[in-house]
Amino acid sequence: YGHMVDQYLGRHSSPAPGLAVLSNWKDNPQIKHLHKHTLPEGSVLHPDLSFDAKKIIFGFCDHTEKNRDRRRYWIYEMAADGSWVKQLTVTPPDKLETWDNRATVVIEDWDPCYLPDGGFAFITTRCQSFGRCHGGRFNPAWPLYRCAPDGADVRQISFNNENEYEPSVLNDGRVVYTRWEYTNRHEMWFHMLWWCCPDGTEVSN
């Protein structure tokens with residue numbers, strides 16, 4: 001990649017077999033590919049297991065789109081045994097709303113994590129803002145959003161202007177994530193941990 005953030009954009013992704021379950025890993029490892037026959041060739045990014053371990057949510061980029069610059073990650077969900085899979089974002093319940101209806105960058109969604117209230121948080125380019133230090137390169141900013149279980153009621157819960165990554169739920173229900181924040185500090189040595197409530201309140205680091 002030309003930059004660490006490039007790996008999160010569909011246009012830079014590479015196809016692979018995707019999600020798999022490894023069984024008998026101590027003695028005789030066996031691999032079962034979960035969506036070999038339910039999704040087209042593509043790339044999977046950052047899966048998260050549901051609290052009851054029955055579902056997996058993940059970012060998926062469809063590589064049947066031959067125009068590389070139009071490849072995007074969307075959020076999908078599947079049964080942990082691979083028996084079904086469905087798309088959650090960019091579906092009828094998802095209104096694809098952006099700030100002031102701007103269309104500065106293509107919308108992509110990834111890095112999902114299940115929330116205790118039944119919805120899920122994810123990272124997205126829907127804010128239609130750019131990372132500040134990329135100049136003429138295509139590299140949008142992506143803060144934290146959340147939505148309902150079916151992809152409806154998408155709303156922003158972090159109003160930062162930098163790239164955010166890796167949301168996860170702590171034992172007390174808070175959402176913890178990291179942010180490429182380099183105001184008054186070195187831009188590369190470390191990314192601080194931030195947290196907020198699932199509704200976006202009480203942001204702190």
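The values are calculated or read from the model by the stated rules, or taken from the named source; none is laboratory data. What you see is a predicted model, and the numbers here were worked out from it, not measured in a lab. Positions of Cβ are backbone-derived with ideal geometry, glycine not excepted, and every protein chain shown enters the neighbour counts. Surface areas here come from the heavy atoms of the whole protein model, side chains and all, with no ligands, DNA or RNA. Shrake-Rupley method; radii C 1.70, N 1.55, O 1.52, S 1.80 Å.
Quick test of your reading of the structure: G10 fulfils all but one of (1) under 18 Å from the mean Cα position of the chain (by Cα); (2) open to solvent by 10 Å² or more (accessible area, probe 1.4 Å). Name the failing condition by number.
Tallying (1) under 18 Å from the mean Cα position of the chain (by Cα); (2) open to solvent by 10 Å² or more (accessible area, probe 1.4 Å), G10 fails exactly one: (2).
Of all residues in segment 154-205 being of a type in the set (G, A, S) and either surrounded by 11 or more Cβ atoms within 10 Å (Cβ to Cβ) or at pLDDT 95 or above (or both), which is farthest from W74 (Cα to Cα)? So that I can check it myself, show each step before the final result.
First pass over segment 154-205, keeping only residues of a type in the set (G, A, S): 158, 168, 173, 200, 204.
Okay, now just the ones that are also either surrounded by 11 or more Cβ atoms within 10 Å (Cβ to Cβ) or at pLDDT 95 or above (or both), so 158, 168, 173, 200.
Numbers: S158: 19, S168: 18, G173: 25, G200: 22 Å.
Once the filter is applied, the top-ranked residue is G173.
Would it be correct to say that V44 is outside any loop (DSSP other than H, G, I, E, B) and closer than 13 Å to M78 by Cα?
Values: outside any loop (DSSP other than H, G, I, E, B): yes; closer than 13 Å to M78 by Cα: yes.
Yes; evaluated as a whole, the condition is true for this residue.
Among the residues of segment 60-111, what is the count of those that are on the phi > 0 side of the Ramachandran plot and open to solvent by less than 90 Å² (accessible area, probe 1.4 Å)? Walk me through how you get there before you give the answer.
Pass one, segment 60-111, residues on the phi > 0 side of the Ramachandran plot: 82, 90, 96, 100-101, 111.
With open to solvent by less than 90 Å² (accessible area, probe 1.4 Å) added as a condition, the list becomes 82, 90, 96, 111.
Number of matching residues: 4.
Would you pick out the residues in segment 112-129 that are without any contact (Cβ under 8 Å) to a residue 60 or more places away in the chain and either open to solvent by 70 Å² or more (accessible area, probe 1.4 Å) or on the phi > 0 side of the Ramachandran plot (or both)?
Once the filter is applied, which keeps residues that are without any contact (Cβ under 8 Å) to a residue 60 or more places away in the chain and either open to solvent by 70 Å² or more (accessible area, probe 1.4 Å) or on the phi > 0 side of the Ramachandran plot (or both), segment 112-129 yields G118, Q128.
Six or more apart or on different chains, Cβ under 9 Å: which pairs go from a residue in segment 41-61 that's closer than 14 Å to Y8 by Cα to one that's among the acidic types (D, E) and loosely packed, with under 15 Cβ neighbours inside 10 Å? Could you list them?
Every condition considered, the pairs that remain are H46/E166.
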